[in-house]
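Inspection log for the structure reproduced underneath, given as structure tokens.
Derivation of every value follows stated rules applied to the coordinates shown; laboratory data play no part. Fair warning: this is a prediction, and the values are worked out from it, not measured in the lab. Don't worry about glycine lacking a Cβ; one is built from the backbone with ideal geometry, like all the others, and counts go over all protein chains shown.
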Amino acid sequence: MTSMMKPETAILLCSLLLGACAPTQVFPPEAMEGVDKNFDFAAWRMVPNGKVGHKIQLGGRIIQAEAKEGGVVLVVAQLPIVEHPAYGPKDNGKRSGEFLVLYQGKVDANALQPGNRLVVVGTTQQAKVVTVDDSQRSLPSIVSRCLHIWNTGGREVADFPSFGAGYEPLEENTFCIKAP
């Protein structure tokens, strides 16, 4: 005796399987419109004022954060964004450089802790001078439209299992300002 699956059940099962394979998107679709998918971070870092006005998405680890009137300024070590085993920035052991994120909105204090991972969508700006570890440095900068921050405490996003014994939930939040 063979059992046949109803067409509705098969369609639902296929949809669920395809959805599980789709890349995670943490930002609203309108925030991602016009993002330069081929942006070269290394070239931008070398000549930051030559790439002003590009809408980009970058991942990284917070080095320092400072709350300012009307927003926050973040110094971020750039990390590649990966999709597996978990979505988010992953430390591959190579230092590719730092950049500055200017976000004109409120962000929870817990999210701004050094070591937390983030993904940012925004527009490249002129390089800005900032003090990092008691020395002034000129860093390429982004005016951020959206931030997604994982409160990892310096660990990798993939180090937080989503099920099973010893489950430790990973707090994460998305912060977006309205488009101009």
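Cross-link partners of K68 among lysines, defined as those whose alpha carbon lies under 21 angstrom from its own and excluding same-chain residues fewer than eight positions apart: K106, K128, K178. Note on N110 and H84: the extension gain reaches 6.8 nm, defined as 0.36 nm multiplied by sequence separation minus the Cα-Cα distance.
Each residue, E171 and V132, gets one label point 7 Å from its Cα in the Cβ direction; the gap between the two is 2.6 nm. In plain terms, the residue of V143, V132 with the fewest other Cβ atoms within 10 Å comes first and the most crowded comes last, giving V132, V143. Each peptide among 46-55, 147-156, 59-68 gets the average number of other Cβ atoms lying within 10 Å of its residues, and from highest to lowest they stand as 147-156, 59-68, 46-55.
Sorted into 10 angstrom bins from 0, the C-alpha pair distances of segment 26-176 split as 11, 43, 36, 9, 1, 0 percent.
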